[in-house]
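To keep things clear, I will list the structure first and then write my remarks on it.
Just so it is clear, none of the values below were taken in a lab; they were calculated from the coordinates. This one's a predicted model, so the numbers in the text were calculated from it and none came from an experiment. Methodologically, a virtual Cβ is constructed for each residue, glycine included, from the backbone with ideal geometry; neighbour enumeration extends over all protein chains shown.
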Amino acid sequence: MTDTELCALAKEMRKFSHAPYSHYSVGAALECASGKVFTGCNIENSAFSPSVCAERTAFFKAISEGEREFVKIAVAGGNTDSDKLNGSITPCGVCRQVMSEFCGEDFRILLVRDDNEFKIVTLAEMLPCAFGGENLK
Ligand code: THU
């Protein structure tokens with residue numbers, strides 16, 4: 001899938017968001033090395049801490065179906081009552097750590113903006129000095 005297509009899909013997935021507390025809807029689209037694409041949205045909870053971000057939804061769907069190699073993820077976020085995005089989103093720290101468990105430093109994160117624009121950053125840029133399995137040896 002092209003970067004532009006992946007970004008459009010991430011934006012589209014905002015429609016499934018359950019965000020009655022933050023009123024901020026996020027969509028994500030994750031491309032695996034297999035070529036399969038898994039999508040996600042944020043799913044909030046009245047008790048707050050059980051809430052999950054769009055990126056982790058997409059990753060956990062993919063991982064639970066056997067995927068282990070990932071190429072890129074697109075993320076789009078904005079107020080629930082609008083199709084417009086609030087500038088570009090950046091993944092939260094927890095999602096960055098989940099990405100670092102399964103993805104290399106060159107894993108690409110496409111931060112979607114409106115008007116089909118997006119900014120590409122790498123996981124290394126988003127999470128320098130990541131704690132990883134190596135630290136446990
Ligand atoms: N959120 C995401 O889904 N992804 C991000 O990268 C940042 C934040 C969600 C969590 C919560 O449901 C809402 O956005 C406001 O923080």
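A few points about this structure:
- Förster-model FRET efficiency, 25 Å R0, Q97 and S46, C-beta, rounded to 0.05: 0.50
- Segments 13-19, 70-76 sorted - mean Cβ within 10 Å per residue, highest first: 70-76, 13-19
- Using just its DSSP H runs of length 4 or more, each adding -39500 (n - 2.57), the chain gives a mean residue ellipticity at 222 nm of -7000 deg cm²/dmol after division by all residues.
- Calculated FRET efficiency for the pair F16/N116, C-beta based, R₀ 25 Å, to 0.05: 0.75
- Between 0 and 90°, nearest 10: helix 93-102 axis offset from the chain longest Cα axis: 40
- Convex hull volume of the chain per residue (C-alpha atoms, cubic angstrom): 108
- Nearest-ten-degree value, helix 54-63 long axis tilted from longest Cα axis of the chain: 50
- Enclosing the Cα atoms of the stretch 63-137 in their convex hull gives a volume equal to 118 cubic angstrom per residue.
- Ranked by the mean number of other Cβ atoms within 10 Å of their residues, highest first, the peptides 24-31, 109-116 come out as 24-31, 109-116.
- Spatially close lysines, pair count over the chain: Cα under 24 Å, gap of eight or more or interchain: 17
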